[in-house]
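The values are calculated or read from the model by the stated rules, or taken from the named source; none is laboratory data. Keep in mind the model is a prediction, meaning the values are calculated, not measured. Here Cβ is always computed from backbone atoms with ideal geometry, including for glycine, and neighbour counts include all displayed protein chains. Accessible surface areas use protein heavy atoms only, side chains included; no ligands, DNA or RNA. Shrake-Rupley method; radii C 1.70, N 1.55, O 1.52, S 1.80 Å.
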Amino acid sequence: MPEVTRFAPSPTGWLHLGHAHAALFAQEAADGGRFLIRLEDIDGTRARPEYEQAIFEDLAWLGLEWELPVRRQSDHFDDYRAALAKLEALGVLYPCFCTRREIQEEIARAGNAPQGPDGPLYPGTCRQRSADERAERLAQGEAYALRLDVTKAMAEVSELIWKDRAHGLFKAQPDVFGDVVLARKDTPASYHLAVVVDDALQGITLVTRGEDLLEATHLHRLLQELLGLPVPEWHHHRLITDENGKRLAKRDDARSLRSLRAAGWTPDQVKEAIL
Ligand code: GLU
């Protein structure tokens, strides 16, 4: 069945075999439908234009074709602001003034902090603050992130289900990440918010990505419901690993598509290596 799929790399390093697998997988999953690329570059401190250019070159070398224009997240902060305003109106966001260090200290103090897929969960320090204290700190211009009050948010919706084509049906457990950051101190978005808004705006019907992001989907399903967005299906695929079974990382330069190409590999050899 024709689908709308996307490959959504961050231009923060060279693409490697894992990306090639993800991109080819997404294109094939479109099944004659539409295949899009999205640049996930909201992390302005790490995204670089030369990596962006390299993404297009490497994908074209692999023989991929995609629709234009490519959506670049940093061009669309207004879309994320609008989504935040909706969540704010539902009363499910709160400002968080904590620094990374304060959070670590609080976690160490509390001992035995519950763990999420990305590490210890935020201990909820700023959730408890009084309206007066919040107002005062905001008035003083203190920097803040916006966090989702996940317990409150879950109370707004009934039970949520989502479908993964490889792993079956899931009952959403959006609290696995605790009170996640939806807007960072320096950026009016975070990965979780932007991905959900963009997939809806781009009309994605089948989200394909690596299994490392399977748990994130629990949260994405909740955000879609709160924002009244259409619900796609998902296909979380396997990750490409090195010969020691370790997941490839952007810093493994030896496995970047550029260095393989420079070493004489052909696109077919790349495809064979990731079959
Ligand atoms: N930008 C994400 C990554 O490079 C992919 C996010 C997604 O496909 O949802 O891992």
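Just a few scattered comments:
- Nearest-ten-degree value, helix 100-110 long axis tilted from longest Cα axis of the chain: 70 degrees
- Over the range 139-217, accessible surface divided per residue gives 44 Å², non-protein components excluded, 1.4 Å probe.
- Once both labels are positioned 7 Å from their Cα atoms along Cα-to-Cβ, the gap between Lys171 and Gln140 label points is 4.5 nm.
- Of all DSSP beta bridges confined to the range 96-238, the antiparallel ones make up roughly 60%.
- Taking the 1.4 Å solvent-accessible surface of the range 165-241 as the whole, the part contributed by carbon and sulfur is 52%.
- Accessible carbon and sulfur surface of the range 24-140 relative to its total accessible area, %, 1.4 Å: 46 percent
- The angle between the Cα long axis of helix 17-29 and the main principal axis of the chain comes to about 90°, on a 0 to 90 degree scale.
- For trypsin sites (Lys or Arg not before Pro), the sites in the range 194-275 that DSSP calls loop and that have at most 15 other Cβ atoms within 10 Å are Arg238, Lys246, Arg251.
- For Val207, the residues whose modelled amide H falls within less than 5 Å of its own, excluding neighbours fewer than 5 places apart on the same chain, are Glu233, Trp234, His235.
- Note on the chain: helix-only mean residue ellipticity at 222 nm, from DSSP H runs of 4+ residues weighted -39500 (n - 2.57) and normalised by residue number, equals -11000 deg cm²/dmol.
- Between Ala216, Ala194, Ala131, the residue with the greatest mean-square fluctuation in the GNM of the chain (Cα pairs under 10 Å linked by springs) is Ala131.
- Charge dipole (debye, nearest 20) of the chain; +1 at Cβ of Lys and Arg, -1 at Cβ of Asp and Glu: 320 debye
- Kirkwood Rh in Å, taken over the range 166-235 so that all alpha-carbon pairs contribute: 12.7 Å
- Net charge, Pro267 excluded, C-beta distance under 15 Å - Lys, Arg +1, Asp, Glu -1: -3
- Summing +1 for each Lys or Arg and -1 for each Asp or Glu among the other residues whose beta-carbon sits under 13 angstrom from that of Arg38 gives -3.
- Once the Cα atoms are used to define both axes, helix 191-201 deviates from the longest principal axis of the chain by about 70 degrees.
- Separation in nanometres of the label points that stand 7 Å from Cα toward Cβ, at Glu105 and Lys152: 2.6 nm
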